[in-house]
Amino acid sequence: MAPLDPHSFTDSTHTLTTHIALSLYFDFPSATIHGAALFTLSSPHSGPLCLDTRSLSIHRVLSPSTLSPLPYSLSPFCDPIKGTHLSLSLPNDAALSSFLITFSTSPSSSALQWLSPPQTFNKKHPFVYTQCQSIHARSVFPCQDTPAARIRYSALLNVPRELSAVMSARHVDRRLPVSGEGYSNLLPNGFNSLWCSETRVVEEFDMNQPIPPYLFAFAVGELGFREVGPRTRVYSEAADGVLEAAAKEFAGTEDMIRQGEKLFGDYEWERFDLLVLPPSFPYGGMENPRMVFLTPTVIKGDASGAQVVAHELAHSWTGNLITNKNNEHFWLNEGFTTYAERRIVEAVQGEDRAVLSIGIGWRGLNDEIKRFQDNLEFTKLKTNQEGVDPDTFYSQVPYEKGFQFLWCIERQIGRPAFDEFLKKYIATFKFKSIDTETFLDFLKANAPGIEKEIDLVLWTEGTGIPPDAYEPVSNLYTKIVSLANEFKLGRMPREDEVADWQGQEWELYLENLPKVVEASQVFALDARYRLSESNDYEVKVAFLQLAILSKCRDFYGEVEKTLKEVGRMKYLRPLYTALVQGIGKEEEKILAKRVFAEARDCYHPIAQGVVESIFAKHL
Ligand code: BES
Ligand code: ZN
């Protein structure tokens, strides 16, 4: 066994899958998908072949031509991080280049959130969506779930006819089901006969570009859309308010795509559609190709919503075209994307906005380094992730230290040369999955002598923040940081000083305050600026975190409300952590446990797991 990836059972000596054809029957009442998957290998293979699964029932493994059963076994134990290992045994006498598996997901499949009608906006129809990054695709279908193994896919989604589906793929057709299509006649438990029921439709998709499995995505529900640009529609639950607001918020998307193309080369994915999910979506955004998934909390009518779109758009080049080989090189995805996002933001929103975003990131990076002072491994760009759950150790380090590294290279070789370098890097490695060494070799070859100017080993393998990292400067940034310093001396900003502040200015201000201040100062700040009621969650959560740590219990009602209305982990993590960490906080711990018990069902399974791991660490 030669593992390729610390988070996958994929064996590097085995043949890789190049295409998966999926037929998926969505059974909403039981929150289960029954599926048939036809796997095509890059070349004929005989003997053992390892696949990743989690919470899947495997029904049959068959040879597609004869439908004769192939031997397989499931590991008796479920690895808490990697899941269950499915080992096939392909015939030795006649190597196969394809095989077929029928399976069912379970209601606890970690990628899937099933929302019952009362949990949706319109309260009429159910909704289900995926979040496969980092290692959850295996809970939807068996696969070699490592970004080192890129796959093309096609999919037939059989759904109730009042619903529609979107995917990270080209939409081919919405049509009546056809009996026996896509091996649907092999589906288990009588679902084969329901395939053609008159209450069902088939949504057909094709993804003919090779993508890492974590970019597999779908959402099924009562969806509507608005056109916002020549290659962009915004989708969401068909509720007028949300769609209108989203269409307005994202009107500048085409402009950003054009800027991205100028900087990084052609946009290769044809369409750039956006899907606004219910508030329980656990991330700000997810770069599913052709169909970015977004939290509704980004719709707030100022510059920062567009910045999340800029980030997911930037992944179209860095992450989706060039992909980290495994999660140990995650900074190649997120550090590059954070850099690319800020270049797009600078081009469309101006330098001041980009510098604010760099400043918020700089503060965040410094806080993360403190958080990991007892676990310095996680302050490295290239990390050892053996035995590490990527959801639990998600941090800003790969984003912000990665950004700082690239920004440092840009300063060293100059922007024009760095721009040329980036274009060449993307053109050279597109549709490939690479590691840090490949990047460094390419850098050294294309920026000769760079290793004499920048300590590349310190940056990629060292802990903490290297000395040539750089705090940004601009009048606005410097002003906000100095106002935050004055707060420590008891001076609150005057109304005229904050008159034109947007959410990001407040975010930067709050993040530069001490973690704990006098309760009276927290009350005074809120009395004047009503930050606890802000409709910008970045501001509200930063304020509530300060309030909890400063023991201002009057705000706990607002904390509870926030934890119950959104499931974005960026907000859940700091609020739950602030409540439960530290000693002698019985009231806060009881509150956290009660709120989680009441809100749990509304969170995505990944978010449930993350809150549970915060509790396990501190309670
Ligand atoms: N790809 C990430 C989200 C992600 C990372 C999901 C790791 C699962 C595992 C996405 O591009 C992202 O970084 N989202 C940010 C947006 C932000 C940096 C603008 C988020 O969700 O906060
Ligand atoms: Zn990202």
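Note down the net charge around ALA239, summing +1 for each Lys or Arg and -1 for each Asp or Glu among other residues with Cβ under 14 Å from its Cβ. Please list the in-between numbers first.
On the way: positive: LYS123, LYS124, ARG226; negative: GLU222, GLU237, ASP240, GLU244.
Result for the local shell: -1.
Would you mind working out the accessible area per residue for segment 413-564, using a 1.4 Å probe, and quoting it in Å²? Write down the numbers at each step before the final one.
Working: 7130 Å² over 152 residues.
Ligands and nucleic acids excluded, the result is 47 Å² per residue.
I'd like the Karplus ³J(HN,Hα) series for segment 229-238: coefficients 6.51, -1.76, 1.60, θ = phi - 60°, whole numbers in Hz, and an x wherever there's a Gly or Pro.
x, x, 10, 9, 10, 10, 10, 6, 3, 6
Once the other residues with Cβ under 12 Å from the Cβ of LEU476 are scored (Lys, Arg +1; Asp, Glu -1), what is the net sum?
Numbers: positive: ARG353, LYS479; negative: GLU351, ASP352, GLU497, ASP500, GLU505.
With Lys, Arg at +1 and Asp, Glu at -1, the net is -3.
What angle do you read, to the nearest 10 degrees and between 0 and 90, between the alpha-carbon axis of helix 240-249 and the longest principal axis of the chain?
Taking the Cα atoms of the chain, the angle to 240-249 is about 60 degrees.
So what is the calculated 222 nm ellipticity per residue for the chain, using -39500 (n - 2.57) for each DSSP H run with n of 4 or more, over all residues, to the nearest 500 deg cm²/dmol?
Values: 20 runs with 228 residues, N = 619.
Calculated from helices alone, the mean residue ellipticity at 222 nm is -11500 deg cm²/dmol.
Share of segment 475-583's accessible area from carbon and sulfur, percent, 1.4 Å? Don't jump to the answer; show the numbers that get you there.
Values: 2300 of 4630 Å².
Reported share for carbon and sulfur atoms: 50 percent.
Full extension from SER12 to GLU254: what is 0.36 nm times the residue separation minus their Cα-Cα distance, to one decimal in nm? Show your work: numbers first, answer last.
Details: separation 242, 0.36 × 242 = 87.12 nm, distance 4.04 nm.
Full extension from SER12 to GLU254 adds 83.1 nm.
Stretched out fully, how many nm does the piece from ILE590 to GLU377 gain, at 0.36 nm a residue minus the Cα gap? Please report the intermediate quantities before stating the final value.
Numbers: separation 213, 0.36 × 213 = 76.68 nm, distance 3.24 nm.
Answer, rounded to one decimal: 73.4 nm.
Please calculate how many Å² of accessible area segment 230-316 carries per residue, with a 1.4 Å probe and no DNA, RNA or ligand atoms counted. Provide the component values of the computation, followed by the final result.
Details: 2490 Å² over 87 residues.
I get 29 Å² per residue for this part.
For helix 537-549, what angle does its Cα long axis make with the longest principal axis of the chain, in degrees from 0 to 90 and rounded to 10?
So the helix axis and the longest Cα principal axis differ by about 70 degrees.
Once neighbouring chains are kept in place and the probe is 1.4 Å, which whole percent of the accessible area of segment 301-451 is contributed by carbon and sulfur? Show your work: numbers first, answer last.
Details: 2400 of 4980 Å².
C and S atoms contribute 48 percent here.
Using a probe radius of 1.4 Å on heavy atoms only, what accessible surface per residue do you get for segment 1-46? Whole Å² is fine.
Numbers: 1470 Å² over 46 residues.
Solvent-accessible surface per residue comes out at 32 Å².
In this model, which of LYS488/LYS585; LYS370/LYS540; LYS300/LYS561 are farther than 20 Å apart at the alpha-carbon? Working shown, then result.
Working: LYS488/LYS585 25 Å; LYS370/LYS540 23 Å; LYS300/LYS561 18 Å.
From LYS488/LYS585; LYS370/LYS540; LYS300/LYS561, over 20 Å: LYS488/LYS585; LYS370/LYS540.
Hey, what angle do you get for helix 330-349 against the long axis of the chain, alpha-carbon based, 0 to 90 degrees rounded to 10?
The angle comes out near 60 degrees.
So what does TRP501 come to for accessible area, using a 1.4 Å probe and Å² rounded to 10?
For TRP501, the solvent-accessible surface is approximately 30 Å².
Measuring from centroid to centroid over Cα atoms, what is the spacing of segment 244-259 and segment 543-572 in Å?
Value for the Cα centre distance between the two parts: 31 Å.
Once phi is turned into ³J(HN,Hα) by the Karplus curve 6.51 cos²θ - 1.76 cosθ + 1.60 with θ = phi - 60°, what whole-Hz value does each residue of segment 452-463 show in order, with x for glycine and proline?
Once rounded to whole Hz, the list reads 7, 9, 10, 7, 5, 5, 4, 5, 8, 10, x, 9.
What fraction of the Cα pairs in segment 65-138, stated in percent, has a spacing above 19 angstrom? Can you show the working numbers first?
Values: 1530 of 2701 pairs.
Within segment 65-138, distances greater than 19 Å cover 57 percent of Cα pairs.
Under a crude label model (7 Å from the Cα following the beta-carbon direction), how far is TYR470 from ASN189 in nanometres?
Distance between label points: 5.8 nm.
So how far apart, in nm, are the two label points at SER108 and SER87 if each is 7 Å from Cα heading toward Cβ?
2.5
Determine the sum of side-chain charges near GLN521: Lys and Arg each +1, Asp and Glu each -1, restricted to other residues whose C-beta is under 14 angstrom from that of GLN521. Write out the running numbers ahead of the final one.
Numbers: positive: LYS488, ARG491, LYS515, ARG528, LYS551; negative: GLU486, GLU518, ASP526, ASP554.
That works out to +1.
Under the 0.36 nm per residue contour assumption, what length would be gained going from the current alpha-carbon distance of LEU458 and LEU176 to full extension?
Contour length minus the Cα-Cα distance gives 95.7 nm.
Run the Debye formula on the Cα coordinates of segment 323-461, all scatterers equal and no solvent, and tell me log10 I(q)/I(0) at q = 0.14, 0.16, 0.19, 0.22 1/Å.
Summing over Cα pairs of segment 323-461 leads to -0.67, -0.88, -1.23, -1.53.
The values are calculated or read from the model by the stated rules, or taken from the named source; none is laboratory data. Predicted, not measured: the structure shown is a model, and the values here were computed from it. Reconstructed Cβ throughout: ideal geometry from the backbone, glycine too, with neighbour counts over all protein chains shown. Only protein heavy atoms, including side chains, enter the accessible area calculation; ligands, DNA and RNA are left aside. Shrake-Rupley method; radii C 1.70, N 1.55, O 1.52, S 1.80 Å.
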